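Input: a single structure, listed below in structure tokens.
What follows is calculated from the coordinates using simple rules that are stated; it is not laboratory data. Keep in mind the model is a prediction, meaning the values are calculated, not measured. When we count neighbours, we look across all protein chains shown, and the Cβ atoms used for this are built from the backbone with ideal geometry, even at glycine.
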Amino acid sequence: MKLTTVWLDGLWDRNPGLIQLLGLCPLLAVSNTIDNAIGLGLATLFVMVISNASISLIRHLIDEAIRLPSFVLVIATLTTSAELFMQAFDYPLYQSLGIFVPLIVTNCLILGRAEALARRETLLISTMDGLAQGLGFFFVLVSLGAIREQVSDIIILAALPSGAFIALGMLIAIHQVIQKTLKQFRAITKSDIKGRRVRTTGNIP
């Protein structure tokens, strides 16, 4: 797998929050303020990157029959580390996030990437995949937090759970429109290039 594909998949083409729709529980529940979104986003990013790298390193040592419990153990260890770090350096944020910090261990995005990619790919690819997927999730989470926090001053619905669904739906719609526009632009560009090649070839005696 190419690094460019890994980055495009994580940040745009297969963004975990907008395309794969993974980790929606924390994505919707914690995005009421931008501070909460940044805190949980960074914690998830940390666990995502280090777990992918760790699982890639030890993949040849894990028996196939116990791979999933082993992956969960790695993720749980890293989640506990992130939780303790947050307790030590930003306890008010930890209290604000509540149960959603330890629930990182159950985020299907993290276990899914470990199962789908980290146990098969090299350390570099696995680490970059964790970084790309984690950043993709982080950007969606922070975007939701920023939108809901700003709009809630005007529309109280934005601060409610239903507002999270509406805001996420808007982001998904915007992503789809941009994606469709980019596909049309690429198709037109390829057609123009092909036409020029045909005309150039036809002029050759």
(message) How long are the semi-axes of the equivalent ellipsoid of the stretch 1-98, defined as square roots of 5 times the Cα gyration tensor eigenvalues? Whole Å, largest first.
(response) 25, 20, 12
(request) Only Lys, Arg, Asp and Glu count, each charged at its Cβ (+1, +1, -1, -1), so figure out the dipole size of the stretch 3-202 about its Cα centre, rounded to 20 debye. (result) 1280
(message) Quick check on the exposure proxy: order 104, 155, 172 from fewest to most C-beta atoms within 10 angstrom.
(response) 155, 172, 104
(message) Can you compute the equivalent ellipsoid semi-axes for the stretch 79-149, i.e. the square root of 5 times each eigenvalue of the Cα gyration tensor, sorted largest first and rounded to whole Å?
(response) 25, 16, 11
(request) Would you look at the GNM of the chain, springs on alpha carbons closer than 10 Å, and say which of 131, 28, 57 moves the most? (result) 57
(request) Return the distance in nm (one decimal) between the two label points of a simple spin-label model at residue 33 and residue 57, each offset 7 Å from Cα along Cα→Cβ. (result) 3.6
(message) At a 10 Å Cβ-Cβ cut-off, how would you order 59, 186, fewest neighbours first?
(response) 186, 59
(message) Show me the helices of the chain, taken as full DSSP H stretches, that run 20 Å or more along their long axis by Cα and average 1.0 or above in Kyte-Doolittle hydropathy.
(response) 34-58, 67-89, 123-151
(request) Please give, to one decimal in nm, the separation of the simple spin-label points placed at residue 72 and residue 25, each 7 Å out from Cα toward the Cβ. (result) 1.3
(request) Please find the FRET efficiency linking residue 13 to residue 80, where r is the Cβ-Cβ separation and R0 is fixed at 35 Å, and quote it to the nearest 0.05. (result) 0.60
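With a cut-off of 8 Å between alpha carbons and a minimum separation of six or more residues, what is the relative contact order of the chain in percent? Numbers along the way, then the final one.
On the way: 231 pairs, mean separation 74.3, N = 205.
It comes to 36 percent, rounded to a whole number.
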(message) To make sure I understand, if each residue's beta carbon is the centre and we count other beta carbons within 10 Å, what order do 100, 89 fall in, fewest to most?
(response) 89, 100
(request) May I ask for the Rg/Rh ratio of the chain, computed from Cα atoms with Rh as the Kirkwood radius, given to two decimals? (result) 1.11
